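Engineer: Please see the structure below; I have some questions.
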Amino acid sequence: MHQRLKGIRFIFIRSHIFVLFLSLFILLSILLSVYVLFEPEWLTTKSVFLFIISHLLIGFPLAFYAGFNGNGNYLKTSFDAITLLIKQYANGNYQSSIQLLDNGDDEIHRAANSLNELGKKLQNQVKSLQKMADEKSELAKSAHKTAVIEERQRIARDLHDAVSQELFALAMLSEAAIKQLDLKPELAKTQMLEVSQSAHQAQTEMRALLLHLRPVYLSGESLVEGLHKLINELKQKSNLQFKLKLDDQLEMKETIEEHIFRIVQESLSNILRHANATEVYVEISKKSEEIFILIEDNGEGFDMAETDGKKTSYGLKTMKERSEEIGGTFTVRSNIDEGTYIQIRIPYEEERRRRM
(Lines give C-alpha, C1' and ligand atoms only; values in the text may rest on other atoms or scores of the structure.)
Protein backbone atom coordinates (compact mmCIF):
# COMPACT_ATOMS: atom_id res chain seq x y z
CA MET A 1 0.00 0.00 0.00
CA HIS A 2 2.82 2.37 0.86
CA GLN A 3 4.43 1.73 -2.55
CA ARG A 4 1.16 2.37 -4.37
CA LEU A 5 0.83 5.77 -2.68
CA LYS A 6 4.12 6.68 -4.34
CA GLY A 7 2.74 5.90 -7.82
CA ILE A 8 2.30 8.40 -10.64
CA ARG A 9 -1.48 8.62 -10.17
CA PHE A 10 -1.13 9.59 -6.51
CA ILE A 11 1.56 12.11 -7.39
CA PHE A 12 -0.93 13.78 -9.74
CA ILE A 13 -3.69 13.57 -7.12
CA ARG A 14 -1.44 15.24 -4.55
CA SER A 15 -0.48 17.96 -7.03
CA HIS A 16 -4.16 18.64 -7.85
CA ILE A 17 -5.03 18.81 -4.16
CA PHE A 18 -2.14 21.22 -3.62
CA VAL A 19 -3.48 23.42 -6.43
CA LEU A 20 -6.95 23.16 -4.88
CA PHE A 21 -5.75 24.50 -1.51
CA LEU A 22 -3.54 27.10 -3.15
CA SER A 23 -6.44 28.43 -5.23
CA LEU A 24 -8.66 28.39 -2.12
CA PHE A 25 -6.08 30.44 -0.20
CA ILE A 26 -5.76 32.93 -3.05
CA LEU A 27 -9.53 33.33 -3.39
CA LEU A 28 -9.96 33.82 0.36
CA SER A 29 -7.22 36.47 0.27
CA ILE A 30 -9.09 38.26 -2.53
CA LEU A 31 -12.38 38.05 -0.62
CA LEU A 32 -10.72 39.41 2.52
CA SER A 33 -9.27 42.33 0.54
CA VAL A 34 -12.69 43.09 -0.97
CA TYR A 35 -14.30 42.96 2.47
CA VAL A 36 -11.72 45.31 4.02
CA LEU A 37 -11.87 47.84 1.18
CA PHE A 38 -15.54 47.85 0.20
CA GLU A 39 -17.47 45.96 2.93
CA PRO A 40 -20.19 44.67 0.55
CA GLU A 41 -23.38 43.36 2.09
CA TRP A 42 -23.30 40.05 0.23
CA LEU A 43 -19.87 39.16 1.72
CA THR A 44 -20.90 37.61 5.02
CA THR A 45 -19.39 34.90 7.23
CA LYS A 46 -22.00 32.38 6.05
CA SER A 47 -21.28 33.07 2.39
CA VAL A 48 -17.53 32.66 2.96
CA PHE A 49 -18.01 29.30 4.70
CA LEU A 50 -20.46 28.22 1.99
CA PHE A 51 -17.88 29.13 -0.62
CA ILE A 52 -15.13 27.16 1.17
CA ILE A 53 -17.30 24.05 1.60
CA SER A 54 -18.54 24.18 -2.01
CA HIS A 55 -15.03 24.67 -3.34
CA LEU A 56 -13.70 21.67 -1.39
CA LEU A 57 -16.67 19.39 -2.18
CA ILE A 58 -16.30 20.07 -5.89
CA GLY A 59 -12.50 20.28 -5.96
CA PHE A 60 -11.63 17.02 -4.15
CA PRO A 61 -13.59 14.69 -6.48
CA LEU A 62 -12.24 16.54 -9.49
CA ALA A 63 -8.68 16.18 -8.17
CA PHE A 64 -9.10 12.41 -7.70
CA TYR A 65 -10.79 12.02 -11.08
CA ALA A 66 -8.09 13.99 -12.87
CA GLY A 67 -5.35 11.96 -11.15
CA PHE A 68 -6.83 8.56 -12.02
CA ASN A 69 -8.25 9.23 -15.46
CA GLY A 70 -6.27 12.17 -16.74
CA ASN A 71 -2.55 12.46 -17.34
CA GLY A 72 -1.86 10.26 -14.31
CA ASN A 73 -3.57 7.29 -15.95
CA TYR A 74 -1.82 7.95 -19.26
CA LEU A 75 1.61 8.21 -17.65
CA LYS A 76 1.09 5.12 -15.47
CA THR A 77 -0.02 2.99 -18.43
CA SER A 78 2.87 4.24 -20.54
CA PHE A 79 5.53 3.67 -17.88
CA ASP A 80 4.12 0.22 -17.06
CA ALA A 81 4.45 -0.73 -20.73
CA ILE A 82 8.00 0.65 -20.93
CA THR A 83 8.99 -1.19 -17.71
CA LEU A 84 7.58 -4.47 -19.08
CA LEU A 85 9.50 -4.01 -22.33
CA ILE A 86 12.77 -3.40 -20.47
CA LYS A 87 12.18 -6.61 -18.45
CA GLN A 88 11.61 -8.51 -21.71
CA TYR A 89 14.91 -7.20 -23.07
CA ALA A 90 16.66 -8.17 -19.81
CA ASN A 91 15.35 -11.75 -20.25
CA GLY A 92 16.68 -11.92 -23.81
CA ASN A 93 13.32 -11.49 -25.59
CA TYR A 94 14.43 -8.86 -28.09
CA GLN A 95 11.47 -9.43 -30.44
CA SER A 96 9.16 -7.54 -28.06
CA SER A 97 8.09 -3.99 -28.87
CA ILE A 98 5.84 -1.31 -27.39
CA GLN A 99 2.92 0.45 -29.06
CA LEU A 100 1.27 3.24 -27.05
CA LEU A 101 -2.44 3.93 -27.34
CA ASP A 102 -2.10 7.17 -29.31
CA ASN A 103 0.46 8.43 -31.79
CA GLY A 104 1.80 11.48 -30.00
CA ASP A 105 5.15 13.17 -30.24
CA ASP A 106 5.90 13.80 -26.58
CA GLU A 107 8.87 12.61 -24.52
CA ILE A 108 7.20 9.29 -23.63
CA HIS A 109 6.53 8.40 -27.27
CA ARG A 110 10.11 9.30 -28.18
CA ALA A 111 11.38 7.05 -25.35
CA ALA A 112 9.12 4.19 -26.54
CA ASN A 113 10.33 4.57 -30.12
CA SER A 114 13.94 4.60 -28.93
CA LEU A 115 13.36 1.36 -27.00
CA ASN A 116 11.81 -0.25 -30.08
CA GLU A 117 14.86 0.76 -32.10
CA LEU A 118 17.09 -0.66 -29.35
CA GLY A 119 15.21 -3.98 -29.57
CA LYS A 120 15.80 -4.14 -33.32
CA LYS A 121 19.50 -3.40 -32.85
CA LEU A 122 19.77 -6.11 -30.18
CA GLN A 123 18.08 -8.58 -32.54
CA ASN A 124 20.60 -7.70 -35.23
CA GLN A 125 23.46 -8.08 -32.77
CA VAL A 126 22.21 -11.55 -31.77
CA LYS A 127 22.04 -12.53 -35.44
CA SER A 128 25.56 -11.16 -35.94
CA LEU A 129 26.82 -13.17 -32.95
CA GLN A 130 25.22 -16.32 -34.29
CA LYS A 131 26.62 -15.64 -37.76
CA MET A 132 30.10 -15.12 -36.28
CA ALA A 133 29.68 -18.37 -34.34
CA ASP A 134 28.78 -20.11 -37.61
CA GLU A 135 31.86 -18.74 -39.35
CA LYS A 136 34.06 -19.55 -36.38
CA SER A 137 32.74 -23.09 -36.24
CA GLU A 138 33.24 -23.70 -39.95
CA LEU A 139 36.76 -22.31 -39.78
CA ALA A 140 37.58 -24.48 -36.77
CA LYS A 141 36.22 -27.55 -38.53
CA SER A 142 38.17 -27.04 -41.72
CA ALA A 143 41.46 -26.10 -40.03
CA HIS A 144 41.59 -28.20 -36.88
CA LYS A 145 39.08 -31.03 -37.03
CA THR A 146 41.59 -33.78 -37.74
CA ALA A 147 44.15 -32.50 -35.24
CA VAL A 148 41.53 -32.13 -32.51
CA ILE A 149 40.19 -35.66 -33.01
CA GLU A 150 43.69 -37.16 -32.95
CA GLU A 151 44.61 -35.20 -29.84
CA ARG A 152 41.43 -36.26 -28.05
CA GLN A 153 42.07 -39.88 -28.96
CA ARG A 154 45.61 -39.63 -27.61
CA ILE A 155 44.41 -38.05 -24.38
CA ALA A 156 41.72 -40.71 -24.06
CA ARG A 157 44.35 -43.48 -24.39
CA ASP A 158 46.56 -41.77 -21.81
CA LEU A 159 43.64 -41.47 -19.41
CA HIS A 160 42.81 -45.12 -19.88
CA ASP A 161 46.39 -46.06 -19.09
CA ALA A 162 46.56 -43.76 -16.07
CA VAL A 163 43.30 -44.99 -14.60
CA SER A 164 44.20 -48.60 -15.31
CA GLN A 165 47.46 -48.17 -13.41
CA GLU A 166 45.61 -46.59 -10.52
CA LEU A 167 43.16 -49.46 -10.43
CA PHE A 168 46.07 -51.91 -10.52
CA ALA A 169 47.64 -50.17 -7.54
CA LEU A 170 44.32 -50.30 -5.72
CA ALA A 171 44.09 -54.02 -6.43
CA MET A 172 47.57 -54.54 -4.93
CA LEU A 173 46.55 -52.60 -1.83
CA SER A 174 43.42 -54.68 -1.47
CA GLU A 175 45.46 -57.89 -1.69
CA ALA A 176 47.77 -56.58 1.04
CA ALA A 177 44.75 -55.79 3.19
CA ILE A 178 43.37 -59.28 2.66
CA LYS A 179 46.62 -60.76 3.99
CA GLN A 180 46.10 -58.81 7.20
CA LEU A 181 42.68 -60.28 7.78
CA ASP A 182 43.97 -62.89 10.23
CA LEU A 183 46.33 -60.57 12.13
CA LYS A 184 44.38 -57.30 12.19
CA PRO A 185 40.92 -57.90 10.77
CA GLU A 186 39.51 -54.51 11.78
CA LEU A 187 42.39 -52.63 10.16
CA ALA A 188 42.09 -54.77 7.03
CA LYS A 189 38.38 -54.04 6.82
CA THR A 190 39.00 -50.30 7.11
CA GLN A 191 41.65 -50.44 4.40
CA MET A 192 39.39 -52.42 2.11
CA LEU A 193 36.62 -49.84 2.53
CA GLU A 194 39.05 -47.05 1.63
CA VAL A 195 40.29 -49.00 -1.37
CA SER A 196 36.71 -49.61 -2.51
CA GLN A 197 35.82 -45.94 -2.21
CA SER A 198 38.95 -44.87 -4.08
CA ALA A 199 38.29 -47.37 -6.86
CA HIS A 200 34.71 -46.18 -7.21
CA GLN A 201 35.86 -42.54 -7.37
CA ALA A 202 38.51 -43.39 -9.98
CA GLN A 203 35.92 -45.19 -12.07
CA THR A 204 33.49 -42.27 -11.87
CA GLU A 205 36.24 -39.83 -12.80
CA MET A 206 37.19 -41.96 -15.79
CA ARG A 207 33.61 -42.08 -17.06
CA ALA A 208 33.20 -38.33 -16.68
CA LEU A 209 36.46 -37.63 -18.47
CA LEU A 210 35.58 -39.99 -21.30
CA LEU A 211 32.21 -38.26 -21.57
CA HIS A 212 33.98 -34.91 -21.73
CA LEU A 213 36.27 -36.20 -24.50
CA ARG A 214 33.49 -37.22 -26.86
CA PRO A 215 33.76 -35.63 -30.34
CA VAL A 216 32.87 -31.96 -30.44
CA TYR A 217 30.62 -32.25 -33.46
CA LEU A 218 27.32 -34.06 -33.89
CA SER A 219 28.59 -35.62 -37.14
CA GLY A 220 25.34 -35.17 -39.05
CA GLU A 221 23.02 -36.18 -36.20
CA SER A 222 20.31 -33.87 -34.96
CA LEU A 223 20.65 -32.37 -31.50
CA VAL A 224 17.93 -34.64 -30.07
CA GLU A 225 19.50 -37.75 -31.64
CA GLY A 226 22.93 -36.85 -30.28
CA LEU A 227 21.58 -36.20 -26.78
CA HIS A 228 19.61 -39.47 -26.73
CA LYS A 229 22.76 -41.33 -27.75
CA LEU A 230 24.82 -39.54 -25.10
CA ILE A 231 22.30 -40.15 -22.32
CA ASN A 232 21.80 -43.81 -23.26
CA GLU A 233 25.55 -44.32 -22.83
CA LEU A 234 25.40 -42.67 -19.41
CA LYS A 235 22.49 -44.87 -18.37
CA GLN A 236 24.57 -47.96 -19.13
CA LYS A 237 27.69 -46.71 -17.37
CA SER A 238 26.26 -44.96 -14.29
CA ASN A 239 23.43 -45.13 -11.77
CA LEU A 240 21.84 -41.88 -12.95
CA GLN A 241 18.13 -41.89 -13.74
CA PHE A 242 17.12 -39.48 -16.51
CA LYS A 243 13.85 -37.70 -17.25
CA LEU A 244 13.87 -36.06 -20.68
CA LYS A 245 11.66 -33.53 -22.43
CA LEU A 246 13.24 -32.89 -25.84
CA ASP A 247 11.38 -31.16 -28.68
CA ASP A 248 12.44 -33.06 -31.80
CA GLN A 249 10.58 -30.57 -34.03
CA LEU A 250 13.12 -27.80 -33.42
CA GLU A 251 15.19 -26.89 -36.47
CA MET A 252 18.26 -24.82 -35.59
CA LYS A 253 21.50 -23.78 -37.16
CA GLU A 254 24.19 -26.43 -36.91
CA THR A 255 26.45 -24.21 -34.84
CA ILE A 256 23.73 -23.51 -32.26
CA GLU A 257 22.95 -27.24 -31.99
CA GLU A 258 26.63 -28.01 -31.41
CA HIS A 259 26.90 -25.36 -28.70
CA ILE A 260 23.78 -26.67 -26.95
CA PHE A 261 25.12 -30.23 -27.21
CA ARG A 262 28.41 -29.22 -25.60
CA ILE A 263 26.61 -27.24 -22.88
CA VAL A 264 24.50 -30.28 -21.94
CA GLN A 265 27.56 -32.51 -22.19
CA GLU A 266 29.54 -30.25 -19.86
CA SER A 267 26.64 -30.10 -17.43
CA LEU A 268 26.24 -33.90 -17.31
CA SER A 269 29.99 -34.27 -16.83
CA ASN A 270 29.82 -31.91 -13.82
CA ILE A 271 26.87 -33.85 -12.39
CA LEU A 272 28.66 -37.17 -12.78
CA ARG A 273 31.90 -35.94 -11.21
CA HIS A 274 30.73 -33.60 -8.46
CA ALA A 275 26.99 -33.77 -7.72
CA ASN A 276 26.61 -37.32 -6.37
CA ALA A 277 23.09 -37.21 -7.84
CA THR A 278 20.66 -40.02 -8.65
CA GLU A 279 18.16 -38.19 -10.87
CA VAL A 280 18.64 -35.70 -13.71
CA TYR A 281 15.99 -33.74 -15.64
CA VAL A 282 16.83 -32.35 -19.09
CA GLU A 283 14.41 -30.18 -21.07
CA ILE A 284 14.93 -28.50 -24.45
CA SER A 285 11.84 -26.79 -25.85
CA LYS A 286 10.60 -23.70 -27.67
CA LYS A 287 8.91 -21.05 -25.56
CA SER A 288 7.72 -17.91 -27.30
CA GLU A 289 10.64 -16.82 -29.51
CA GLU A 290 13.34 -18.61 -27.46
CA ILE A 291 14.94 -21.98 -27.06
CA PHE A 292 14.48 -22.93 -23.41
CA ILE A 293 17.02 -25.33 -21.86
CA LEU A 294 16.68 -26.68 -18.32
CA ILE A 295 19.11 -29.08 -16.62
CA GLU A 296 18.29 -30.03 -13.04
CA ASP A 297 19.67 -32.64 -10.62
CA ASN A 298 18.91 -33.81 -7.08
CA GLY A 299 22.56 -33.93 -6.01
CA GLU A 300 24.51 -32.36 -3.18
CA GLY A 301 24.45 -28.87 -4.67
CA PHE A 302 27.01 -26.24 -3.69
CA ASP A 303 27.36 -22.82 -2.11
CA MET A 304 27.41 -20.40 -5.04
CA ALA A 305 29.35 -17.85 -2.99
CA GLU A 306 32.25 -20.33 -2.71
CA THR A 307 32.51 -21.63 -6.30
CA ASP A 308 35.42 -19.41 -7.39
CA GLY A 309 38.53 -21.46 -8.02
CA LYS A 310 36.78 -24.83 -7.81
CA LYS A 311 36.47 -27.34 -10.62
CA THR A 312 32.70 -26.88 -10.82
CA SER A 313 33.11 -23.15 -11.46
CA TYR A 314 35.25 -23.79 -14.55
CA GLY A 315 32.50 -25.95 -16.05
CA LEU A 316 29.85 -23.31 -15.25
CA LYS A 317 32.04 -20.61 -16.76
CA THR A 318 32.46 -22.64 -19.94
CA MET A 319 28.69 -23.18 -20.22
CA LYS A 320 28.02 -19.47 -19.64
CA GLU A 321 30.55 -18.46 -22.32
CA ARG A 322 29.05 -20.90 -24.83
CA SER A 323 25.54 -19.56 -24.09
CA GLU A 324 26.58 -15.94 -24.54
CA GLU A 325 28.50 -16.75 -27.73
CA ILE A 326 25.20 -17.57 -29.45
CA GLY A 327 23.31 -14.65 -27.90
CA GLY A 328 21.77 -16.55 -24.97
CA THR A 329 21.37 -15.92 -21.26
CA PHE A 330 22.68 -18.34 -18.61
CA THR A 331 21.26 -18.74 -15.10
CA VAL A 332 22.36 -21.17 -12.37
CA ARG A 333 20.90 -21.69 -8.91
CA SER A 334 22.14 -24.11 -6.27
CA ASN A 335 22.12 -24.68 -2.54
CA ILE A 336 23.86 -27.30 -0.43
CA ASP A 337 21.78 -30.53 -0.30
CA GLU A 338 19.21 -29.05 -2.70
CA GLY A 339 20.67 -29.92 -6.09
CA THR A 340 21.53 -27.61 -8.97
CA TYR A 341 19.26 -25.81 -11.46
CA ILE A 342 20.63 -24.50 -14.77
CA GLN A 343 18.44 -22.49 -17.15
CA ILE A 344 19.49 -21.20 -20.57
CA ARG A 345 17.46 -19.05 -22.98
CA ILE A 346 18.59 -18.58 -26.59
CA PRO A 347 16.82 -16.39 -29.18
CA TYR A 348 15.20 -18.78 -31.66
CA GLU A 349 15.01 -18.46 -35.41
CA GLU A 350 13.82 -21.57 -37.22
CA GLU A 351 16.38 -23.02 -39.58
CA ARG A 352 15.55 -25.64 -42.20
CA ARG A 353 18.59 -27.58 -43.26
CA ARG A 354 19.38 -30.98 -44.71
CA ARG A 355 20.92 -33.74 -42.67
CA MET A 356 23.54 -35.95 -44.24
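The values are calculated or read from the model by the stated rules, or taken from the named source; none is laboratory data. Since the model is a prediction, treat every value here as computed from it, not as a measurement. Note that we place each Cβ from the backbone using ideal geometry, even for glycine, and neighbour counts take in every protein chain shown. Heavy atoms of the whole protein, side chains included, go into the accessibility calculation; ligands, DNA and RNA do not. Shrake-Rupley method; radii C 1.70, N 1.55, O 1.52, S 1.80 Å.
Engineer: Between residue 194 and residue 179, with labels modelled 7 Å along Cα→Cβ, what's the label distance in nm to one decimal, could you check?
Structural biologist: 1.7 nm
Engineer: Just list whichever of 87/320; 76/245; 121/243 have alpha carbons separated by over 31 Å in the model shown. Working shown, then result.
Structural biologist: Working: 87/320 20 Å; 76/245 41 Å; 121/243 38 Å.
Beyond 31 Å between Cα atoms: 76/245; 121/243.
Engineer: Shifting gears a bit: Summing +1 for each Lys or Arg and -1 for each Asp or Glu, what net charge is found among the other residues whose Cβ lies under 9 Å from the Cβ of residue 129? Write down the numbers at each step before the final one.
Structural biologist: Values: positive: 127, 131; negative: 324, 325.
Net charge in that neighbourhood comes out at 0.
Engineer: Shifting gears a bit: Counting only protein heavy atoms, what percent of the accessible surface of the range 12-57 is carbon or sulfur at a 1.4 Å probe? Present the calculation step by step, with values, prior to reporting the outcome.
Structural biologist: Values: 2860 of 3640 Å².
Roughly 79 percent, rounded to a whole number.
Engineer: Using 0.36 nm times the number of residues separating residue 139 and residue 28, minus their current alpha carbon distance, what extension gain do you get? Could the numbers behind the result be given before it?
Structural biologist: On the way: separation 111, 0.36 × 111 = 39.96 nm, distance 8.33 nm.
Gain on extension, residue 139 to residue 28, equals 31.6 nm.
Engineer: State the percentage of accessible surface on the range 226-356 attributable to carbon and sulfur atoms; use a 1.4 Å probe and exclude ligands, DNA and RNA.
Structural biologist: 42 percent
Engineer: For 306, 186, 300, what's the largest-to-smallest order of accessible area, 1.4 Å probe?
Structural biologist: Working: 306 110, 186 135, 300 85 Å².
Highest to lowest solvent-accessible surface, that is 186, 306, 300.
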